Every structure is written in C-alpha cells, then in structure tokens.
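Visitor: Here it is, the structure, as structure tokens.
The values are calculated or read from the model by the stated rules, or taken from the named source; none is laboratory data. Since we're looking at a predicted model, the values are computed, not measured. Cβ atoms come from the backbone with ideal geometry, glycine included; neighbour counts cover every protein chain shown.
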Amino acid sequence: MTGGRRRKVVGTGGLHMYRVRIEDGFCATHQVRLADGSVEALHGHDWGVAVECAATELDACGMVADFQELQRVLRGLLAELEHRCLNDLACFAGRFPTAEVVAEWILSGVRSAGVRSAVRVEVTEAPGCRASYECPLGGA
C-alpha cells in the first residue's frame, strides 16, 4: 500500500507500465474505397471497441483510470455511431470511415473528454479483422 502517494515502478529492465483495458461495441454501416479505386457496397458490422489506458504511476486511488468513468466516456462516443451510416456523419467528413479512421476518432474523443491516460484503441470489424490507433503516453 502506498498510503495515497504516487508510486513509480522501476525494475532492472527499465520503466514498467500499468495498463487497463475496457471493451464495448456498436452496430453501424459504412462503405470504404477499395485498393482498385472502387467503393464497396454499403454494409454493416457489429463493431467491437477496446480502449487501453497506460501509466507509469498509479493515481492516489491506486488506479491508471477509473473503469466507470472510462466506460461512461466510451459509451457516450459510441452512442454517436450506434445504428448510423458512418459515411453520413460529420466526424468522418472527407474521409472514408475505415476501421483505422474509426479507431483514431474514438481515441481522440476519449482523450478530449479528459482521459489523458488513454493510449490505444482497437476496433474489430469482424472476427479476426482488427485495426488500432495509438498515441504515446502523454502525447496529443
């Protein structure tokens, strides 16, 4: 127990990281441009989303991030996408909403909501088909 103090964990191999991850999902349709330049037919997915937070130090409560707060933030973002055509949303204007682009948008939204420890988002379109976006700890 750290008595409410922050504690940095350093081992012989260098700086250690604490990591937490939450998962949720949403249903939405999209279409993207294919490598040959054609645009695929509109289709839907049951998207899976995982948000990972990291820290070299735990907060005064002994946590990287509060799971309930992180879930609240993620659910708020996913509500904007739920049962929508992603191509029609202003947040993806000028870009095809690929899994990579969706992951970037979610991570940006989580960090903008004040969860600065969020470092990675992984989006699953279908079993075995995942894309992720990450930024460095403390990065923008």
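Visitor: Identify the single condition in (1) under 14 Å from the mean Cα position of the chain (by Cα); (2) at pLDDT 95 or above; (3) not in a helix (DSSP H, G or I); (4) not aromatic (Phe, Trp, Tyr) that Gln71 does not satisfy, given that it satisfies every other one.
Guide: Result: Gln71 passes all but (3).
Visitor: With in contact (Cβ under 8 Å) with a residue 60 or more places away in the chain, of a type in the set (D, E, K, R) and farther than 18 Å from Ser132 by Cα as the only criterion, which of Arg33, Arg84 stands out?
Guide: Among Arg33, Arg84, only Arg33 is in contact (Cβ under 8 Å) with a residue 60 or more places away in the chain, of a type in the set (D, E, K, R) and farther than 18 Å from Ser132 by Cα.
Visitor: Additional query: Give the residue, chosen from Gly94, Gly114, that is of a type in the set (Gly, Ala, Ser), over 19 Å from Gln31 (Cβ atoms) and surrounded by fewer than 17 Cβ atoms within 10 Å (Cβ to Cβ).
Guide: Checking each option against the conditions leaves just Gly114.
Visitor: Moving on to the next point. Identify all residues within segment 97-110 that are within 12 Å of the chain's Cα centre (by Cα) and buried (at least 18 other Cβ atoms within 10 Å of the Cβ); write none if there are none.
Guide: Residues satisfying the conditions are Ala99, Val101, Val102, Ala103, Glu104, Trp105, Ile106, Leu107, Gly109, Val110.
Visitor: Ok, one more. Looking at Val20, Val64 in this structure, which one is closer than 18 Å to Glu122 by Cα and in contact with a Phe, Trp or Tyr (Cβ under 9 Å, 6 or more places away or on another chain)?
Guide: Sole residue among the options that is closer than 18 Å to Glu122 by Cα and in contact with a Phe, Trp or Tyr (Cβ under 9 Å, 6 or more places away or on another chain): Val20.
Visitor: Could you grab me the full set of residues in segment 30-55 that are under 19 Å from the mean Cα position of the chain (by Cα) and surrounded by fewer than 16 Cβ atoms within 10 Å (Cβ to Cβ)?
Guide: Selection gives Asp46 alone.
Visitor: While we're here: Output the number of residues of segment 117-137 satisfying the condition of being surrounded by fewer than 16 Cβ atoms within 10 Å (Cβ to Cβ) and over 21 Å from Phe67 (Cβ atoms).
Guide: 6
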